[in-house]
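Below you'll find the structure, written out as structure tokens, and then a few comments.
The values are calculated or read from the model by the stated rules, or taken from the named source; none is laboratory data. Being a predicted model, the structure only gives us computed values, none of them experimental. Virtual Cβ from ideal backbone geometry, glycine too; neighbours counted across all protein chains shown.
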Amino acid sequence: MIDKIPSSKKLRSSIKITIGTRPVVILPPNDKRVCAVIQNISTTDVFIRPGTQVTTDNYTYKLTENAAYEINQTNLYTGPISAVTSSGTATILVMEW
């Protein structure tokens, strides 16, 4: 479940990214980040992890079809987030406030 986004904050960016079997940084470091949402909008599972090193064996969150992960004030992380798939490609939506 996604918490309510602070109404005083404006969406800084919203982008669709295609993820494959090679790790890619999907959210670069941003010390002004107050919230971010990463949603898998495809049928292929996506594995994400804070930092720049992610594999299908070494990940923090697995996003299945339509699943989302939220960074907010209770788990705020301003560093990079990386993603990878185990096969094929997936499309994710990344939003940052």
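Pairs are defined by a Cβ separation below 8 Å, a sequence spacing of at least 6 or placement on different chains, a first member in the range 26-43 that is under 11 Å from T91 (Cβ atoms), and a second member that is charged (D, E, K, R) and in a strand (DSSP E or B); the pairs so defined are I41/K16. With the checklist (1) within 21 Å of A67 (Cα to Cα); (2) of a type outside the set (G, A, S); (3) at pLDDT 95 or above; (4) part of a loop (DSSP other than H, G, I, E, B) in hand, flag the one item I26 doesn't pass. All conditions are met except number (4). Check V34, V84 and return the single one that is of a type in the set (A, V, I, L, M, F, W, C) and modelled with pLDDT of 95 or more. The conditions single out V84.
Within the range 51-72, the set of residues being of a type in the set (D, E, K, R) and outside any strand (DSSP E or B) comprises D57, E65. Restricted to the range 79-94, and to residues there that are in a strand (DSSP E or B) and hydroxyl-bearing (S, T, Y), the residue that is surrounded by the fewest Cβ atoms within 10 Å (Cβ to Cβ) is T91.
Here P50 fulfils each of the conditions (1) farther than 16 Å from L93 by Cβ; (2) modelled with pLDDT under 95 apart from (2). Specify which of the listed residues (I48, I17) is in a strand (DSSP E or B), free of Cβ contacts under 8 Å to residues at least 60 places away in the same chain and not acidic (D, E). The unique qualifying residue is I48.
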